[in-house]
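Quick notes on the structure that follows.
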Amino acid sequence: MAPEAILKILQETFPDEVTEVMPEGVHPHAVVRPDRWHDIALFLRDDERLGFDWLRCISGVDHIEDKLLTAVYDLHATGKPDTPGELWHVRNEIAIKVRVDRDNPHIPSVADVWPTADWHEREAYDLLGIIFDGHPDLRRILCCDDWVGHPLRKDYEFPMEYHGIPAVTEYGQTRPQH
């Protein structure tokens, strides 16, 4: 199914929740309101026309100038092989973007919809500080538990040492920052 058709179904089903669509380009996507994201995710997975059964990844984006964070969900609908031994294939793909206020970044968890979201949400939480409400185990996954801040935020200031271990920085920097 073409991205235009997928996005049309989404807009018709959730007219007030889909705030933007971009069917053209290399990364067709829809932007949806965070408060209804979980309902939209269930629809994308369960609707027979769509069947998005595979969440490939969640990417986090810091829009520091706009004071927003975005979680980008890359979704695929896989196709069952017709004959034994044949490989599964991707029938449809689309991206969903959920934008939230940078100072209060709450997005409903979809770990119950796509189990792989469990670790992807933890990574976005750890590195960008996006809070996934309803996540079964939202805690750091890459940084130490006592790490301060979220390293992929554009205004993050890298510590000059951690527990007495000096930081490795670019030559001559005294206050490393993105």
(message) Looking at region 5-16, I want the residues that are loosely packed, with under 13 Cβ neighbours inside 10 Å and have a partner that is part of a loop (DSSP other than H, G, I, E, B) and at pLDDT 95 or above with Cβ atoms under 9 Å, at least 6 apart or on another chain. Which pairs are those?
(response) Asp16/Arg33
(message) For region 102-121, give me each residue that is over 8 Å from Phe132 (Cβ atoms) and either hydroxyl-bearing (Ser, Thr, Tyr) or free of Cβ contacts under 8 Å to residues at least 40 places away in the same chain (or both).
(response) Asp103, Asn104, Pro105, Asp112, Pro115, Thr116, Asp118, Trp119
(request) Just one of (1) more than 20 Å from Gly134 (Cβ to Cβ); (2) in a loop (DSSP other than H, G, I, E, B) trips up Ala5, so point out which. (result) (2)
(request) Would you please list the contacts, defined by Cβ atoms under 7 Å and residues six or more apart or on different chains, that run from a residue in region 32-46 that is closer than 15 Å to Val72 by Cα to a residue that is assigned to a helix (DSSP H, G or I)? (result) Val32/Ile40
(request) Out of His120, His150, report the one residue that is part of a loop (DSSP other than H, G, I, E, B) and modelled with pLDDT of 95 or more. (result) His150
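If you scan region 123-145, which residues turn out to be outside any loop (DSSP other than H, G, I, E, B) and touching a residue at least 60 places away in the same chain (Cβ under 8 Å)?
Passing the criteria: Glu123, Ala124, Leu127, Leu128.
Output yes when any residue across region 138-146 is under 21 Å from His27 (Cβ atoms) and at pLDDT 95 or above, and no when none is. Don't jump to the end; show me each part of the working.
Initially, region 138-146 is screened for residues under 21 Å from His27 (Cβ atoms), giving none.
Taking every residue of region 138-146 in turn, none turns out to be under 21 Å from His27 (Cβ atoms) and at pLDDT 95 or above.
The values are calculated or read from the model by the stated rules, or taken from the named source; none is laboratory data. As the structure is a prediction and not an experimental result, all values here were calculated from the model. FYI the Cβ positions are ideal-geometry reconstructions off the backbone, even for glycines, and counts take in every protein chain you see.
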